[in-house]
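The values are calculated or read from the model by the stated rules, or taken from the named source; none is laboratory data. Quick caveat: nothing in here was measured; it's all calculated off a predicted structure. Methodologically, a virtual Cβ is constructed for each residue, glycine included, from the backbone with ideal geometry; neighbour enumeration extends over all protein chains shown.
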Ligand SMILES: CC(C)(COP(=O)(O)OP(=O)(O)OC[C@H]1O[C@@H](n2cnc3c(N)ncnc32)[C@H](O)[C@@H]1OP(=O)(O)O)[C@@H](O)C(=O)NCCC(=O)NCCS
């Protein structure tokens, strides 16, 4: 479908606020074949971890992130990119990329060594620098997220692809 916009400069990415909750809920529900559904309460409780893309006062995209701690190894904690969705009519104009890049920028301050995603859209994440990894490397994610899945009995038979991006920390000052 042709993108209806003539320019892409009229959308902006920003931190989500509470008035965005219903729009985020609707966007995730509209993509339930691709995303894990999230109750309103979960979106509210994690509103500080959401970014939205706004166009002419309307929310047309969202994305969020979650910390995955590693027992006994605090500095190995990673970030999972979650709930990335762009309204169909506004796709392929850089909004999804902008949302994920904004998350990667946001989490730099915490020095996470990498971010991961489980996704049905590998080409999108590949274009952002993510590479495919074995699901065995994200067992913590499988235990915390996939264990509640209602679509697949076993995460290893699920067609979602595990991907990772390494985050450079060399240039960050360690105080
Ligand atoms: C995946 C998704 C978020 C991409 O959003 P988008 O705004 O269209 O993505 P962008 O315009 O920023 O695309 C960036 C690049 O990703 C790649 N890409 C995006 N969608 C793609 C697709 N369907 N097939 C192949 N490559 C794709 C392209 O390289 C693209 O660059 P280009 O347009 O210059 O070729 C959107 O298609 C979507 O909401 N899908 C349903 C939900 C989903 O699968 N979310 C991801 C799981 S967390």
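A quick yes/no check of all residues on (1) touching a helix residue (DSSP H, G or I) at 6+ places or on another chain (Cβ under 7 Å); (2) modelled with pLDDT under 85; (3) surrounded by 11 or more Cβ atoms within 10 Å (Cβ to Cβ):
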{"residue": "129", "(1), (2), (3)": "no, no, yes"}
{"residue": "133", "(1), (2), (3)": "no, no, yes"}
{"residue": "146", "(1), (2), (3)": "no, yes, yes"}
{"residue": "163", "(1), (2), (3)": "yes, no, yes"}
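Filter region 40-54 down to the residues that are in contact with a helix residue (DSSP H, G or I) (Cβ under 8 Å, 6 or more places away or on another chain) and surrounded by fewer than 19 Cβ atoms within 10 Å (Cβ to Cβ), then identify the one that is nearest to residue 123 (Cα to Cα).
Keep residues of region 40-54 that are in contact with a helix residue (DSSP H, G or I) (Cβ under 8 Å, 6 or more places away or on another chain), which gives 40, 43-44, 47, 50-53.
Of the ones still in play, those that are also surrounded by fewer than 19 Cβ atoms within 10 Å (Cβ to Cβ) are 40, 44, 47.
Working: 40: 29, 44: 30, 47: 27 Å.
By that ranking, first place goes to 47.
From the list 80, 87, 70, 101, which residue is surrounded by 14 or more Cβ atoms within 10 Å (Cβ to Cβ) and under 18 Å from residue 142 (Cβ atoms)? I'd like the intermediate steps shown before the answer.
On the way: 87 fails: under 18 Å from residue 142 (Cβ atoms); 70 fails: surrounded by 14 or more Cβ atoms within 10 Å (Cβ to Cβ); 101 fails: under 18 Å from residue 142 (Cβ atoms).
Going through 80, 87, 70, 101 in turn, the sole match is 80.
Does residue 142 satisfy being within 20 Å of residue 34 (Cα to Cα), more than 15 Å from the ligand (Cβ to nearest atom) and surrounded by 16 or more Cβ atoms within 10 Å (Cβ to Cβ)? Yes, satisfied.
In region 110-133 there is at least one residue that is away from the ligand (no atom under 12 Å from the Cβ) and in a helix (DSSP H, G or I). Check off (1) closer than 22 Å to residue 145 by Cα; (2) in contact with a helix residue (DSSP H, G or I) (Cβ under 8 Å, 6 or more places away or on another chain) for residue 87 and give me the number that stays unchecked. Just one mismatch for residue 87, condition (1). Figure legend. Inter-residue proximity from region 49-71: first residues in contact (Cβ under 8 Å) with a residue 60 or more places away in the chain, second residues in a strand (DSSP E or B), beta-carbon distance below 6 Å, spacing 6+ or different chains. Indicated pairs: 68/78; 68/80. Taking residues in region 86-114 that are free of Cβ contacts under 8 Å to residues at least 60 places away in the same chain and within 25 Å of residue 76 (Cβ to Cβ), and partners anywhere that are more than 9 Å from the ligand (Cβ to nearest atom) and assigned to a helix (DSSP H, G or I), the pairs with Cβ atoms closer than 7 Å and at least 6 places apart or on different chains are 113/76.
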